[in-house]
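Beneath this line is the structure, given in structure tokens, with notes to follow.
All of the numbers you see were taken from the coordinates with simple rules; none came from a lab. As the structure is a prediction and not an experimental result, all values here were calculated from the model. Here the Cβ positions follow ideal geometry from the backbone for every residue, glycine too, while neighbour counts run over all protein chains shown.
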Amino acid sequence: MGILSLSGITKVYRKGEIEVRALGGVDLEIEKEEFCAIVGPSGSGKTTLLNIIGCLDTPTAGTMRYRDKELRAFGEKELSTYRKEHVSFIFQSYNLIPVLTVAENVEIPLSIAGGLSKPAMRKKALEMLDAVGLADKANRFPRELSGGQEQRVAIARALVKDPVVVLADEPTANLDSRTAEEVVTLMKAMNKRLRTTFIFSTHDRMIMDEAARVVQLHDGMIAKDERRTP
């Protein structure tokens, strides 16, 4: 059994009297350390599935287990703890806080988690910034960075709390092709170095080519699930 196990996951949205079925019964097993791309045309359910895995959204039906725990049985406090302790997110819009320095942005997950002194948080943030090649930008503000550098900060912020799973929603969509390649190479290196599971929702052919597993969605169903030999 993988670290994440989804069975019969459906998601139905209501728009007045109209039902929109975003997911129509998804079965998916995610193993630790996977570098997995969820792909498909717009409207296929990629982002909905990613949000459900991250417990930002709730399925209409089905079961979802994290290791031996049924996530749908969790209350909001338990779900918040699950997200805080085990899952991180990377978004295409970076979502950095403009009034905070780069180092302060990276420290946010550690501050939310608690348990570390300010010097310990700063030390860990600087180590992660060094790992993504931005140690010299620690005291800069997001507006002073390029888009690629901002996404590297977002990656550092996602990884600083040592999550089990990183969920990345179109992380290269706002980057030029060369910068996107650098960012994908960085994430793949961090996947191997830190043994962190990465799950992408993406249209980017580069991510698909680098992924060890590609799950293709069509009309809210898995049309193809391809694993590749490293």
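In order along the stretch 141-158, phi translates into HN-Hα couplings of 9, x, 5, 8, 10, 7, x, x, 5, 4, 5, 5, 4, 4, 5, 4, 4, 5 Hz, rounded to whole numbers, per the Karplus curve 6.51 cos²θ - 1.76 cosθ + 1.60 with θ = phi - 60° and x for Gly and Pro. Here's how it looks for I222: its modeled amide H is under 5 Å from those of D27, which are all 5 or more places away or on a different chain. Neighbour counts of C-beta atoms inside 10 Å place K46, K137 in the sequence K137, K46, starting with the fewest. Taking 0.36 nm per residue of separation and subtracting the current Cα-Cα distance, fully stretching the chain between E33 and M206 would add 60.4 nm.
In angstrom, the C-alpha Rg and Dmax of the chain are 17.7, 55. Taking the chain as a Gaussian network of alpha-carbon nodes connected by springs under 10 Å, the highest mean-square fluctuation of the residues T196, T58, T81 belongs to T81.
Annotation: amide H-H contacts under 5 Å for T60 (H modelled 1.01 Å from N, sequence separation of 5 or more, or interchain): T10, K11, V12.
The modelled label-to-label distance for the pair L56/R228, using points 7 Å beyond Cα in the direction of Cβ, is 2.5 nm. Amide H to amide H, with H built 1.01 Å from N, I90 comes under 5 Å of L167, A168, D169, counting only residues 5 or more places away or on other chains.
Relative to the longest principal axis of the Cα atoms of the chain, the long axis of helix 177-194 lies at roughly 90 degrees. Residues in the stretch 214-226 carry Karplus couplings, in order, of 10, 9, 9, 9, 8, 6, x, 10, 6, 8, 7, 9, 10 Hz; the curve used is 6.51 cos²θ - 1.76 cosθ + 1.60 with θ = phi - 60°, and Gly or Pro positions show x. Could you check the spin-label model distance between E70 and A113? Points 7 Å from the Cα along Cα→Cβ, value in nm. Label-label distance for E70 and A113, simple model: 2.9 nm. Each residue of the stretch 31-36 was assigned a 3J(HN,Hα) from its phi angle through the Karplus curve 6.51 cos²θ - 1.76 cosθ + 1.60 (θ = phi - 60°); the sequence is 8, 4, 6, 5, 10, 10 Hz, with glycine and proline shown as x. With a Förster radius of 30 Å applied to the C-beta separation of K192 and R21, the computed FRET efficiency comes to 0.20.
So if R0 is 25 Å, what FRET efficiency would Y13 and S177 give, r being the distance between their Cβ atoms, rounded to the nearest 0.05? With R0 = 25 Å, the Cβ-Cβ based efficiency is 0.15.
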